[in-house]
Amino acid sequence: VLRRPSQGCLGVSYREDASDLVINGVIPGSPADRAGLRPGDVVLLLNGEPLQRFSQLATWAREQRPGDLVELKLQRRSTTVRVRFPLGTDFGTGVCRCVADE
């Protein structure tokens, strides 16, 4: 996915064809990594709003700017976790590895 410097990036990957909201991977050193997100976490809420597909989260992030805050409510095994962190960007290559897992 080609990105512009003005677009935010979480730093998580997911299966593009998945209908669930499971984080498949966390990019080392990304905002999500620094916030403590883990593979297997299930996203329940984005800024207090429920999601139906992971792609909604990716689209939302692209519409934000690096540095904008995101608040996620996650299910981690039997625990509910809330995290709040600023979005980042990935411009070593100009391609965001944060959006979809191949």
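The values are calculated or read from the model by the stated rules, or taken from the named source; none is laboratory data. None of these values were measured; they are calculated from a predicted model. When we count neighbours, we look across all protein chains shown, and the Cβ atoms used for this are built from the backbone with ideal geometry, even at glycine. Each accessible area value is taken on the protein alone, full model and side chains, heavy atoms only, with ligands, DNA and RNA left out. Shrake-Rupley method; radii C 1.70, N 1.55, O 1.52, S 1.80 Å.
Looking only at region 47-71, filter to residues that are polar (S, T, N, Q) and at pLDDT 90 or above; which one of those is surrounded by the most Cβ atoms within 10 Å (Cβ to Cβ)? Looking at residues that are polar (S, T, N, Q) and at pLDDT 90 or above, I get 64. Residues of region 17-46 that are within 13 Å of residue 76 (Cβ to Cβ), part of a loop (DSSP other than H, G, I, E, B) and open to solvent by 40 Å² or more (accessible area, probe 1.4 Å): 38, 39, 40.
I'm checking my understanding of the structure. Among residues of region 72-94 that are open to solvent by less than 50 Å² (accessible area, probe 1.4 Å) and at pLDDT below 90, which one is farthest from residue 22 (Cα to Cα)? Filtering first and then ranking leaves 94.
Would you call residue 11 exposed (fewer than 14 other Cβ atoms within 10 Å of the Cβ) and closer than 14 Å to residue 84 by Cα? For residue 11, the condition - exposed (fewer than 14 other Cβ atoms within 10 Å of the Cβ) and closer than 14 Å to residue 84 by Cα - is not met.
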